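S.K.: Sharing a structure below in structure tokens format, with a few things to ask.
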Amino acid sequence: MAFKDMPASHPDKRSQPDDVYAKMTAVAVVFAMVSIGAYLFISKPPYDMAGYLIGRDFVNTWMGARAALAGHPAAWFDFDAYNTALRQLFGPEFPQHNWSYPPDLLLFTWPLGFLPYPLALAIWSLDGFALYMVIAAAGERRPSHLLMLAVAPAVVVNLVGGQNGFFTAVLLIGGLSLLDRRPIVSGILFGLLMIKPQLGLLLPLMLALTARWRSIASAAVTTLVLVGITAAIFGAHVWIDYVNVALPMQQRVLTHGGGIILPMMPTAFMNARLAGLPLDWVWVVQAIVSAAAIAAVVWTFRRRRDPVLSTALFVTASFLVTPYMFNYDMVVFGWVLAQMRGHEGTGTLDDHLAILVWTLPVTTMLLGLASIPISCLVLVAFGGRLIWRLARAGAVKTVDLGIAPASAQETAPCT
């Protein structure tokens with residue numbers, strides 16, 4: 001079934017996306033140049049203005065790679081032991097970090113441990129960005145489309161923070177795009193996503209609702225293989241320590257962590273914490289939002305609906321269902337919003353909501369620093385609008401999360 005066969009929208013409600021997105025992209029270009037330039041200008045290499053290494057969070061990835069080469073990564077799940085090792089390398093005043101990634105990440109990052117920190121950071125950032133651009137572009141060559149992907153605020157946040165958002169976005173985008181054409185490969189990519197498991201909490205539900213049994217099986221096998229290989233290399237205790245030491249530490253960060261962590265998380269949980277609610281009520285707020293996100297996915301995928309809007313709803317719900325998600329994880333939204341650009345039925349309200357979501361990786365920090373706990377409402381509003389559009393469009397004959405490039409959306413058949 002071709003996209004053109006979907007229920008038509010009212011022409012008078014169509015927006016002029018090229019004008020809106022062109023202005024949005026132009027502003028983002030300036031923001032990216034100013035932000036990265038200012039960050040490097042006020043830093044004192046190899047340290048930034050706050051005393052962290054440039055590429056702040058990449059130090060955890062690099063230290064993990066070094067630990068993998070030394071054969072004792074589990075030791076650094078202990079907060080004090082890890083920070084003692086950091087201070088021995090970078091000086092007694094080096095800011096504290098928390099090393100808490102699942103051990104299987106080390107299977108992919110260990111080569112970085114052979115390199116000096118600056119070179120490893122450069123390779124990590126440039127390779128991640130290039131891979132993200134290739135996968136997210138999906139063959140699209142229009143400069144406006146590519147520029148929109150390249151200068152998204154989440155991209156800037158990810159580059160400055162030295163985070164892994166490019167790689168997790170690639171795994172999620174690739175898995176969603178290949179569901180129908182390469183279900184086994186899709187499942188493998190979903191299995192690899194366990195390096196950041198909170199991003200995949202709703203994947204089993206969506207895959208089961210759409211009867212993607214081969215993808216489920218390959219994801220499960222991939223997960224088991226990763227766990228087995230990691231245990232074989234580093235010992236089974238590495239997973240035991242991860243569960244008994246690292247996860248409780250992450251729980252404490254979630255419930256009691258402060259500073260920059262609060263504004264960096266556009267989740268219902270962190271917004272409720274920022275509002276000063278008692279912890280019990282914070283959990284109630286998150287439970288309500290999580291239940292709504294699960295219900296939205298069930299409602300969307302129990303029938304065959306518009307694939308572009310269904311994918312956007314799924315990604316949005318994946319960010320709402322968990323209390324633990326950072327702004328640098330939102331790189332995937334650049335792809336989601338690029339696919340929605342000019343999609344059938346898109347109106348001015350949709351464009352404005354898209355802009356709010358696109359800029360959320362930055363605005364959530366600004367709102368948080370100003371103690372205004374409303375950043376999660378942007379995702380709630382965006383998800384609610386998607387449900388409204390899906391309900392209005394009704395069911396379609398097929399659902400293919402392997403979305404065609406934006407330029408072909410009006411004619412390309414769903415496969």
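The values are calculated or read from the model by the stated rules, or taken from the named source; none is laboratory data. From a predicted model like this one, the values you see are computed outputs, not experimental measurements. No Cβ is skipped: glycine too gets one built from the backbone with ideal geometry, and neighbour counts run over all protein chains shown.
Conditions tested, residue by residue: (1) closer than 29 Å to residue 365 by Cβ; (2) surrounded by fewer than 16 Cβ atoms within 10 Å (Cβ to Cβ); (3) basic (Lys, Arg).
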{"residue": "253", "(1), (2), (3)": "yes, yes, no"}
{"residue": "265", "(1), (2), (3)": "yes, no, no"}
{"residue": "269", "(1), (2), (3)": "yes, no, no"}
{"residue": "279", "(1), (2), (3)": "yes, yes, no"}
{"residue": "289", "(1), (2), (3)": "yes, no, no"}
{"residue": "295", "(1), (2), (3)": "no, yes, no"}
{"residue": "300", "(1), (2), (3)": "no, no, no"}
{"residue": "304", "(1), (2), (3)": "no, no, yes"}
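S.K.: Any residue in region 299-311 that's in contact (Cβ under 8 Å) with a residue 24 or more places away in the chain and farther than 21 Å from residue 346 by Cβ: show its pairings with residues that are crowded, with 21+ Cβ neighbours inside 10 Å and not polar (S, T, N, Q) at Cβ separation under 6 Å, as long as the two are six or more apart or on different chains.
M.R.: The qualifying pairs are 301/206.
S.K.: Still on this structure: Looking at region 118-169, which of its residues are of a type in the set (Ser, Thr, Tyr) and under 26 Å from residue 325 (Cα atoms)? Explain how you work it out, then say what you get.
M.R.: Restricting attention to region 118-169, the residues satisfying the condition of being of a type in the set (Ser, Thr, Tyr) are 125, 132, 144, 168.
Passing the criteria: 125, 132, 168.
S.K.: Suppose we keep only residues that are more than 19 Å from the chain's Cα centre (by Cα) and not in a helix (DSSP H, G or I) within region 111-162. Which one would you say is nearest to residue 181 (Cα to Cα)?
M.R.: Across region 111-162, the extreme among qualifying residues is 139.
S.K.: Cβ-Cβ under 7 Å, sequence separation 6+ or interchain: first residue in region 56-75 and farther than 29 Å from residue 40 by Cβ, partner among the acidic types (Asp, Glu). Which pairs?
M.R.: Pairs found: 74/241.
S.K.: Here's a follow-up. For region 266-287, check the following and say yes or no: at least one residue is out of contact with any Pro (no Cβ under 7 Å at 6 or more places or on another chain), at pLDDT 95 or above and within 23 Å of residue 171 (Cα to Cα).
M.R.: yes
S.K.: Does region 19-50 hold any residues that are more than 19 Å from residue 122 (Cα to Cα) and touching a residue at least 24 places away in the same chain (Cβ under 8 Å), and which are they?
M.R.: Listed by number, the residues that qualify are 20, 21, 22, 24, 25, 28, 29, 31, 50.
S.K.: Does region 234-243 contain any residue that is in contact (Cβ under 8 Å) with a residue 40 or more places away in the chain, of a type in the set (Gly, Ala, Ser) and more than 30 Å from residue 371 (Cα to Cα)?
M.R.: Yes: one or more hits.
S.K.: Which of the residues that make up region 128-138 are within 17 Å of residue 336 (Cβ to Cβ) and either surrounded by 21 or more Cβ atoms within 10 Å (Cβ to Cβ) or touching a Pro at 6+ places or on another chain (Cβ under 7 Å) (or both)?
M.R.: Scanning region 128-138 gives 132, 136, 138.
S.K.: Which pairs turn up if I take residues in region 263-274 that are within 16 Å of residue 320 (Cβ to Cβ) and look for partners that are crowded, with 24+ Cβ neighbours inside 10 Å and among the small types (Gly, Ala, Ser) with beta carbon separation below 6 Å, at least 6 apart in sequence or on another chain?
M.R.: Note: pairs meeting the criteria are 266/375.
S.K.: Could you list, in sequence order, the residues of region 372-390 that are closer than 16 Å to residue 323 by Cβ and in a helix (DSSP H, G or I)? Walk me through how you get there before you give the answer.
M.R.: Applying the first criterion (closer than 16 Å to residue 323 by Cβ) to region 372-390 yields 373, 375-377, 379-380.
Once the filter is applied, which keeps residues that are closer than 16 Å to residue 323 by Cβ and in a helix (DSSP H, G or I), region 372-390 yields 375, 376, 377, 379, 380.
S.K.: Test each condition in (1) out of contact with any strand residue (DSSP E or B) (no Cβ under 9 Å at 6 or more places or on another chain); (2) surrounded by 15 or more Cβ atoms within 10 Å (Cβ to Cβ); (3) among the hydrophobic types (A, V, I, L, M, F, W, C); (4) farther than 26 Å from residue 252 by Cα for residue 67 and report the one that comes out false.
M.R.: The single condition residue 67 does not satisfy is (4).
S.K.: Do we find a residue being within 30 Å of residue 197 (Cα to Cα) and either modelled with pLDDT of 85 or more or in a helix (DSSP H, G or I) (or both) anywhere in region 5-23? Show your work before the answer.
M.R.: Start the filter on region 5-23 by keeping residues that are within 30 Å of residue 197 (Cα to Cα), which leaves none.
Checked region 5-23: no residue is within 30 Å of residue 197 (Cα to Cα) and either modelled with pLDDT of 85 or more or in a helix (DSSP H, G or I) (or both).
S.K.: Counting only residues that are in a helix (DSSP H, G or I) and hydroxyl-bearing (Ser, Thr, Tyr), which one in region 313-371 is surrounded by the fewest Cβ atoms within 10 Å (Cβ to Cβ)?
M.R.: Taking region 313-371 as the starting set, the residues that turn out to be in a helix (DSSP H, G or I) are 313-320, 327-340, 348-369.
Okay, now just the ones that are also hydroxyl-bearing (Ser, Thr, Tyr), so 316, 318, 328, 348, 359, 363-364.
Details: 316: 26, 318: 22, 328: 23, 348: 13, 359: 19, 363: 20, 364: 30.
Out of the qualifying residues, it is 348.
S.K.: Has region 56-65 got at least one residue that is touching a Pro at 6+ places or on another chain (Cβ under 8 Å) and modelled with pLDDT of 75 or more?
M.R.: Scanning region 56-65 turns up at least one residue that is touching a Pro at 6+ places or on another chain (Cβ under 8 Å) and modelled with pLDDT of 75 or more.
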